[in-house]
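Only one structure is covered here, and it is reproduced in the block below.
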């Protein structure tokens with residue numbers, strides 16, 4: 001099958017064909033050449049002062065530091081013995097998180113695979129910065145082996161190109177939510193190939209009121225909460241939308257006042273409510289009032305922080321997800337009522353005042369289909385090689401095992 | 001209850017700021033209570049706001065419903081069997097449309113109000129009317145789209161009517177020439193949607209280098225400037241261009257929506273959209289929905305005394321605009337005058353899912 005390559009823009013490409021990439025010899029997880037390439041990329045990105053304007057690029061560069069990769073590697077020592085990359089991975093990056101494509105590629109490389117990465121057709125400066133850095137590291141002469149492992153491309157929505165690359169790859173990684181997934185899945189992958197999909201997810205935050213009041217560092221918590229929510233317009237899968245308060249009525253009332261005041265004070269300096277967001281929030285309130293009711297709109301802080309308090313948890317609560325600072329609040333004495341609504345849509349649970357192990361046990365012992373990540377408030381967006389319930393290294397590599405026969 | 005017979009006798013631009021405030025507060029308070037007790041969904045929303053319907057100091061304090069709600073819910077304040085007409089907004093295929101349920105009273109008041117307002121511009125006499133659209137939009141009489149509703153609404157001013165476009169949106173030149181010959185020397189009403197007038201009427205006449213004599217024409221057009229702005233056509237440029245191809249001098253833009261049919265806002269001789277006594281616009285800040293200053297851009301809230309069969313008397317639109325002034329337009333009309341700056345922007349939303357923002361396109 002041939003495709004019209006004129007439709008494809010190559011941002012990072014060594015010149016070898018996609019078919020040749022298919023035949024690249026896969027590597028073991030955390031192969032030396034990959035780690036050394038990524039740490040060179042990290043240095044390259046951190047070297048430029050102008051990159052400081054993009055905090056997400058700096059975060060990415062920090063992730064790729066040698067020391068960090070070495071520490072990640074320690075979690076996969078067993079894999080290095082008996083795992084090997086599957087071959088060619090085809091990544092479809094989302095159109096509204098500029099740096100996501102780079103993390104996806106890092107997961108593909110660290111698990112030992114060649115990567116064809118389709119970045120969004122929307123032009124982001126961050127994409128160019130990272131691709132330029134990759135090109136400059138690849139052309140230094142010190143990482144020639146990696147050239148055939150990386151192809152970063154851009155093309156407008158095109159079934160022909162997508163179908164071609166889908167048929168070619170061993171694993172397809174689809175970001176961008178439910179509708180992108182169903183669109184891309186119209187193009188089949190080879191019989192032994194499979195998809196790793198990042199669907200639309202819903203996330204929640206659980207707070208023990210008494211513990212929140214006791215910790216005292218309200219500004220820091222507000223800043224962390226802001227980073228989980230407003231920083232990505234509360235539209236990342238990991239951004240909490242349902243806030244669950246646990247404790248006595250008195251503690252909860254006190255904690256709410258302090259918490260939201262602090263969040264508002266921080267957000268006011270850093271976030272602007274667009275007209276569409278204001279209307280979305282009002283619409284969400286009306287929908288909640290009609291469908292869930294009785295609800296109460298706590299709008300003591302204008303349209304920046306929209307809080308809808310509810311007194312029952314309907315199972316379709318995720319339908320009332322609204323970006324840009326719209327929170328549904330529910331209070332209870334323990335987490336029991338949550339077990340009735342959590343399904344496989346639920347991704348991240350951020351917490352204040354809980355022991356994460358305790359929450360993990362709670363998920364397991366209740367046999368919940370959702371909640372893949374339990375992280376402290378402020379860490380919801382941190383990239384991890386375990387994401388959305390997938391261990392990316394283990395999923396993107398295959399296991400080769402051998403059995404010793406009885407001596408003859 | 002609202003005494004429509006009495007209030008619809010008021011001249012449409014006759015009340016000054018304080019009298020209009022008093023009038024609207026009284027009428028809209030009655031309507032708010034009516035909807036509160038007759039539309040369960042409306043009641044739940046009002047309760048979520050913690051708003052007391054029995055103690056309304058100003059109509060500006062009444063919670064507004066986002067117009068998008070009419071796309072998601074069937075909102076009625078009368079028994080369903082009283083509905084005589086369901087109006088829908090024009091949406092492209094696949095989009096949800098607003099559904100507005102009208103009983104006999106509300107429907108009839110819409111027509112009466114439209115007549116009051118429009119005849120204050122074009123006179124009480126009915127005129128020969130050219131609709132710059134195709135008759136095909138009226139085919140399904142049970143589901144009135146905004147386009148069809150506009151045409152039918154304004155057709156009450158017609159004593160004879162032709163459609164200027166055929167089903168393929170081609171200009172029917174012969175039909176137009178005959179119609180103009182028949183009514184030579186008389187005032188002629190032209191009605192259509194701004195962009196369609198430009199695309200299928202103006203452009204065609206220009207392309208054919210044909211000049212029609214519409215020097216006695218009065219054109220009323222609406223539907224928004226978004227597409228024309230993309231072509232860099234200003235309201236003044238629009239008028240000038242039309243004058244150039246057909247000699248027309250009186251061209252009035254209007255702002256209105258299917259959710260508040262009847263209480264239209266028509267452009268005056270000075271180029272300002274005016275609110276009549278039956279309705280008002282309030283500009284809201286997106287930061288806190290506070291009322292914007294004169295001259296400050298914000299989200300447009302519209303209130304109207306007509307909606308009784310559905311809770312649409314106080315609505316937040318998805319348009320943005322600016323109040324230019326109140327009671328002091330050189331044209332002499334009382335009330336606020338304003339302009340529309342466009343639709344509220346589809347913000348670039350960050351996040352994981354690609355398509356979220358598309359939902360609102």
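A few remarks follow.
- The single residue among A:309, A:380 that is assigned by TED's automatic domain parsing to the domain that holds residue A:258 and part of a strand (DSSP E or B) turns out to be A:309.
- Within segment A:372-392, considering residues that are in contact (Cβ under 8 Å) with a residue 40 or more places away in the chain and in contact with a helix residue (DSSP H, G or I) (Cβ under 6 Å, 6 or more places away or on another chain), the one farthest from residue A:26 (Cα to Cα): A:377
- Every residue from segment A:285-311 that is at the interface with chain B (Cβ under 10 Å from one of its Cβ atoms), farther than 17 Å from residue B:284 by Cβ, crowded, with 19+ Cβ neighbours inside 10 Å and in contact (Cβ under 8 Å) with a residue 24 or more places away in the chain: A:287, A:288, A:292, A:308
- Breaking point among (1) in a helix (DSSP H, G or I); (2) more than 14 Å from chain B (Cβ to nearest Cβ), for residue A:350: (1)
- Segment A:388-408, subset in contact with a strand residue (DSSP E or B) (Cβ under 7 Å, 6 or more places away or on another chain) and in a loop (DSSP other than H, G, I, E, B), residue surrounded by the fewest Cβ atoms within 10 Å (Cβ to Cβ): A:400
- Candidate set: segment B:142-159, residues that are modelled with pLDDT under 90 and within 18 Å of residue B:253 (Cα to Cα); chosen: the one surrounded by the fewest Cβ atoms within 10 Å (Cβ to Cβ): B:152
- Residue A:148 being in contact with a strand residue (DSSP E or B) (Cβ under 7 Å, 6 or more places away or on another chain) and surrounded by fewer than 19 Cβ atoms within 10 Å (Cβ to Cβ): yes
- So residue B:199, is it assigned to a helix (DSSP H, G or I) and out of contact with any helix residue (DSSP H, G or I) (no Cβ under 9 Å at 6 or more places or on another chain): no
- Check on residue A:369, outside any helix (DSSP H, G or I), surrounded by fewer than 20 Cβ atoms within 10 Å (Cβ to Cβ) and in the same structural domain as residue A:238 (by TED's automatic domain parsing): yes
- Comparison of A:343, A:334 shows that the only residue that is in contact (Cβ under 8 Å) with a residue 12 or more places away in the chain, out of contact with any helix residue (DSSP H, G or I) (no Cβ under 9 Å at 6 or more places or on another chain), farther than 30 Å from residue B:67 by Cα and more than 12 Å from chain B (Cβ to nearest Cβ) is A:334.
- Inter-residue pairs, beta-carbon under 6 Å, first more than 17 Å from residue B:117 (Cβ to Cβ) and in segment B:324-338, second part of a loop (DSSP other than H, G, I, E, B) and modelled with pLDDT of 95 or more, 6+ apart: B:324/B:272; B:327/B:16; B:327/B:334
- Members of segment A:161-176 that are more than 12 Å from chain B (Cβ to nearest Cβ), closer than 15 Å to residue A:120 by Cβ and touching a strand residue (DSSP E or B) at 6+ places or on another chain (Cβ under 6 Å): A:173
- Residue match in segment A:84-97 (condition: farther than 30 Å from residue A:128 by Cβ and either touching a helix residue (DSSP H, G or I) at 6+ places or on another chain (Cβ under 8 Å) or more than 14 Å from every other protein chain (Cβ to nearest Cβ) (or both)): yes
- Qualifying position, being modelled with pLDDT of 95 or more and closer than 30 Å to residue A:75 by Cα, among A:393, A:341: A:393
- Subset tally (residues that are more than 25 Å from the chain's Cα centre (by Cα) and more than 17 Å from residue B:247 (Cβ to Cβ)) for segment B:204-230: 1
- If you filter segment A:188-222 down to residues that are under 18 Å from residue A:166 (Cα atoms) and in contact with a strand residue (DSSP E or B) (Cβ under 7 Å, 6 or more places away or on another chain), you find that the one that is surrounded by the fewest Cβ atoms within 10 Å (Cβ to Cβ) is A:194.
The values are calculated or read from the model by the stated rules, or taken from the named source; none is laboratory data. Note that the structure is predicted; figures quoted are calculated from it, not measured. All Cβ positions, even for glycine, are placed from backbone atoms using ideal geometry, and neighbour counts span all protein chains on display.
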